[in-house]
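For reference, the structure discussed in these notes is given below.
What follows is calculated from the coordinates using simple rules that are stated; it is not laboratory data. Computed from a predicted model, the values in this text were never measured in an experiment. All Cβ positions, glycine included, derive from the backbone under ideal geometry; neighbour counts span all protein chains shown.
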Amino acid sequence: MQTILAAAVSALITGAVTLAVSIINANANHSKLMQELKARDEMQIYRIEQLEKKQDLHNEVITRTFHLEEKVSLLEAEDKRHNERLKALEGAK
């Protein structure tokens, strides 16, 4: 009877130690995973910020191009008027 009781106590102690080691190991793995995820998230945030900066520069170029096209259009219209006036003045001579 004592042998069975000793074997049961030994099995319970072994089980408890195994459970404790498993919990410690799982906790360590969880902490490592959380650090890796945090580092990945920080890298993604950095890359998104860099893409936003590039997009802002691109949008600025588009806006500037639009304004330049407007100015060119106005200058072409003005040039056309000047040419018509020149022709009218040359025709009046």
Taking the condition surrounded by 10 or more Cβ atoms within 10 Å (Cβ to Cβ) and in a helix (DSSP H, G or I), does Glu60 pass? yes
Going residue by residue through the stretch 4-15, is there one that turns out to be free of Cβ contacts under 8 Å to residues at least 24 places away in the same chain, surrounded by fewer than 10 Cβ atoms within 10 Å (Cβ to Cβ) and in a helix (DSSP H, G or I)? yes
